[in-house]
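Written below as structure tokens is the structure these notes are about.
The values are calculated or read from the model by the stated rules, or taken from the named source; none is laboratory data. Everything numeric in this text was worked out from a predicted model, so none of it was measured. Positions of Cβ are generated from backbone atoms using ideal geometry, with glycine treated the same way; all protein chains shown enter the neighbour counts. Heavy atoms of the whole protein, side chains included, go into the accessibility calculation; ligands, DNA and RNA do not. Shrake-Rupley method; radii C 1.70, N 1.55, O 1.52, S 1.80 Å.
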Amino acid sequence: MSAVTTDTYRSALEAVDRIVNREGEAEEVLTKAVGVLAERFEHYAWIGVYLVEGNDLVLGPWQGPQATEHTRIPIGQGICGAAAAGGRTEIVDDVNADDRYLACFVSTRSEIVVPISFEGNVVGEIDIDSDEPSAFTEADRSFLERVALLLSPHAAGRR
Ligand code: SME
């Protein structure tokens, strides 16, 4: 597991905060925020934001070595769909041991999915895959939940 310092989380959160406070289209804000996560955290191999559309999660901005075939996931399916249905962060230390897992990349070993809520409703989520097993710590959870809070008006289309 990579040793990420608290300073790295703090300065990345500040970078996202600057992005959301600048004027910009939601798509641009979400794209730039995904870029911050991709640039600053080595253990984040693939990062995507899904947005709720009806009963589905639809893939928005993403960064990673490959595109995923899962560009639309029904809420309730996969780890992504479970996080959206429950409104709670899902951390999976070993994706191959989780029956809910929808495989995207053979290299993925662990995954975190953090819902983005606005006014009590899940409007999207941040999905991150890692090539390391058990890559995601409580520090990742708390950092990404703050990122989700910052992104929420944009993901809801309310900015
Ligand atoms: N693994 C996810 C699907 C999305 S890909 O990781 C990009 C899931 O189980 O829901």
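Remarks
- Screening the candidates 142, 134, 117 for the property of being more than 13 Å from the ligand (Cβ to nearest atom) and more than 14 Å from the chain's Cα centre (by Cα) yields one hit, 134.
- Residue 154 fulfils the conditions (1) closer than 25 Å to residue 40 by Cα; (2) within 12 Å of the ligand (Cβ to nearest atom); (3) more than 11 Å from the chain's Cα centre (by Cα) except for a single criterion, (2).
Residues checked against (1) assigned to a loop (DSSP other than H, G, I, E, B); (2) open to solvent by 40 Å² or more (accessible area, probe 1.4 Å); (3) not acidic (Asp, Glu):
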{"position": "103", "(1), (2), (3)": "yes, yes, yes"}
{"position": "107", "(1), (2), (3)": "yes, yes, yes"}
{"position": "115", "(1), (2), (3)": "no, no, yes"}
{"position": "123", "(1), (2), (3)": "no, no, yes"}
{"position": "129", "(1), (2), (3)": "no, no, no"}
{"position": "133", "(1), (2), (3)": "yes, yes, yes"}
{"position": "136", "(1), (2), (3)": "yes, no, yes"}
{"position": "143", "(1), (2), (3)": "no, no, yes"}
{"position": "146", "(1), (2), (3)": "no, yes, yes"}
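- Selection within the stretch 98-112 - under 20 Å from residue 151 (Cβ atoms) and near the ligand (Cβ under 7 Å from one of its atoms): 111
- Residue check for residue 95: within 15 Å of residue 150 (Cα to Cα) and within 13 Å of the ligand (Cβ to nearest atom): no
- Exactly one residue out of 91, 47 is in contact (Cβ under 8 Å) with a residue 40 or more places away in the chain and open to solvent by 30 Å² or more (accessible area, probe 1.4 Å), and it is 91.
- Within the stretch 57-88, the only residue that satisfies the criterion of being more than 8 Å from the ligand (Cβ to nearest atom), free of Cβ contacts under 8 Å to residues at least 40 places away in the same chain, touching a helix residue (DSSP H, G or I) at 6+ places or on another chain (Cβ under 9 Å) and open to solvent by less than 40 Å² (accessible area, probe 1.4 Å) is 61.
- Among residues of the stretch 19-34, those that are surrounded by 15 or more Cβ atoms within 10 Å (Cβ to Cβ), under 20 Å from residue 64 (Cα atoms) and not aliphatic (A, V, I, L, M), counted: 2
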